[in-house]
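> Before we start, here is the structure in question, set down as structure tokens.
The values are calculated or read from the model by the stated rules, or taken from the named source; none is laboratory data. In this text, all values refer to a predicted model and were calculated from it rather than measured experimentally. Every residue, glycine among them, receives a Cβ derived from its backbone with ideal geometry; neighbour counts consider all protein chains shown.
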């Protein structure tokens, strides 16, 4: 199509402002409709999952190989350490067995109603999904594998995050050190409760604990049962004071190096409360009765 | 070819095939660098065991956009930058559109001063880029803070800018070779 040079140059000059406007429009749409953006994100993540798995596999093999090589240089020391640890663990094994036995007996005597076993799936971390300011990972399993929003992610040694977005073959797990992550926790030794808040360091902060019951250095931190889908008692880490008056949680599983996550679905253990607990049932008013002073339907 | 009236009708029987093949070739040459960048962004977003790769991605894209905006804007047209920014935001789980907007602004400003920048020595261009990268990152931080209604710590923005400044020379060497291979003597 023959277009005069002047018109073409004018159009070319308009391309950049036009694209800037599109970018601004997209930002505004993203703010107004976060769900749309989320869907687009998970769509892209779903498409990318196979490619990323291909890339992630050799990378993980490589890091394992490096670890093996490092281990090989200190075999004797490692052996001695493992032998000592094995001995301690054998002791604990006996303790655990007898405790399990005792627990079983007590539960039988109490007619304990057994809790349903949580189901879980295991997924490989295929991408860092945190961006510059966040701490989150993408795993290569999604709703097709039974993962839902709000599921709990456990790394090798403890609680590490929660599923915030799901696609068909991928899910995003918000880690405990993200600033958006605020988890109610229970402190085992001092029996206090607190909120564990991510502050972008590997050690999330402890906040909102009672002023007359400070966390004790070194005590275990487990999840509190105050929020839905997160059961109480999952191991998180230990308390450590980096400064006087500034306790942090040293997680059992470092959120910086995770390659495989177990995603637990605790929905089945969530109990529905009975409807309107402790509330007086409303009396249906007959047409002849005077209007109640507490009526919500009045127009005054 | 002699200078001729651009509105004069072409002779289709004589020019159609060469023009078509030439255009296809030119299009491929224009798409290669952008394609490489998108591919690198997508691949690097997978965990590779390298630390701080997520910070490296925006830095890499900022450096790339600056380089091509100065040396060959035809390779980095505004719609391409928009798409690149959107992909970056989607992959990096940043608020959608912020990278696109800041990268387009970087592109626009660079384009304005392009002919002055091309005359600079590498050292000075690098210094100019350092300031541009810092401003871009701070703008991203500001916009992200505004949208999140919370003041974010500035360290990641400085870190991102520092990474961009650090990888710029490496990228410049690589891209100069790509540029020469694609558009060197004998191609244009």
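> Looking at segment A:22-33, which of its residues are over 16 Å from residue B:84 (Cα atoms) and either facing another protein chain (nearest Cβ under 7 Å) or surrounded by 13 or more Cβ atoms within 10 Å (Cβ to Cβ) (or both)?
Selection gives A:29, A:30, A:31.
> Please indicate, with yes or no, whether at least one residue in segment A:178-187 is surrounded by fewer than 20 Cβ atoms within 10 Å (Cβ to Cβ), more than 14 Å from chain B (Cβ to nearest Cβ) and within 16 Å of the chain's Cα centre (by Cα).
Applying the first criterion (surrounded by fewer than 20 Cβ atoms within 10 Å (Cβ to Cβ)) to segment A:178-187 yields A:179-180, A:182, A:184, A:186.
From what is left, the residues that are more than 14 Å from chain B (Cβ to nearest Cβ) are A:184, A:186.
Narrowing the set further to residues that are within 16 Å of the chain's Cα centre (by Cα) leaves A:184.
Within segment A:178-187 (the criterion being surrounded by fewer than 20 Cβ atoms within 10 Å (Cβ to Cβ), more than 14 Å from chain B (Cβ to nearest Cβ) and within 16 Å of the chain's Cα centre (by Cα)), the answer is yes, since at least one residue qualifies.
> So which residues in segment A:38-49 are at pLDDT below 85, at the interface with chain B (Cβ under 8 Å from one of its Cβ atoms) and out of contact with any strand residue (DSSP E or B) (no Cβ under 8 Å at 6 or more places or on another chain), if there are any at all?
A:44
> Given the criteria more than 14 Å from chain B (Cβ to nearest Cβ), in a helix (DSSP H, G or I) and over 29 Å from residue A:217 (Cα atoms), does residue A:122 qualify?
On the way: more than 14 Å from chain B (Cβ to nearest Cβ): yes; in a helix (DSSP H, G or I): no; over 29 Å from residue A:217 (Cα atoms): yes.
So residue A:122 does not fit the description; no.
> Moving on to the next point. Between A:18, A:62, which is more than 31 Å from the chain's Cα centre (by Cα), surrounded by 11 or more Cβ atoms within 10 Å (Cβ to Cβ) and at the interface with another protein chain (Cβ under 8 Å from one of its Cβ atoms)?
Working: A:62 fails: more than 31 Å from the chain's Cα centre (by Cα).
A:18 is the lone residue from the list that is more than 31 Å from the chain's Cα centre (by Cα), surrounded by 11 or more Cβ atoms within 10 Å (Cβ to Cβ) and at the interface with another protein chain (Cβ under 8 Å from one of its Cβ atoms).
> Inspect all residues belonging to segment A:77-95 and state whether any of them is in contact with a helix residue (DSSP H, G or I) (Cβ under 9 Å, 6 or more places away or on another chain) and farther than 30 Å from residue B:97 by Cβ. So that I can check it myself, show each step before the final result.
Initial filter on segment A:77-95 (in contact with a helix residue (DSSP H, G or I) (Cβ under 9 Å, 6 or more places away or on another chain)): A:78.
When the remaining residues are screened for being farther than 30 Å from residue B:97 by Cβ, the result is A:78.
Scanning segment A:77-95 turns up at least one residue that is in contact with a helix residue (DSSP H, G or I) (Cβ under 9 Å, 6 or more places away or on another chain) and farther than 30 Å from residue B:97 by Cβ.
> Now for a different question. Give the residues of segment B:5-50 that are at the interface with chain A (Cβ under 10 Å from one of its Cβ atoms), assigned to a helix (DSSP H, G or I) and either modelled with pLDDT under 75 or farther than 30 Å from residue A:126 by Cα (or both), sorted by residue number.
Across segment B:5-50, the qualifying residues are B:43, B:44.
> If a residue has to be surrounded by fewer than 16 Cβ atoms within 10 Å (Cβ to Cβ) and either more than 14 Å from chain B (Cβ to nearest Cβ) or not in a loop (DSSP other than H, G, I, E, B) (or both) to count, how many in segment A:194-215 make the cut?
6
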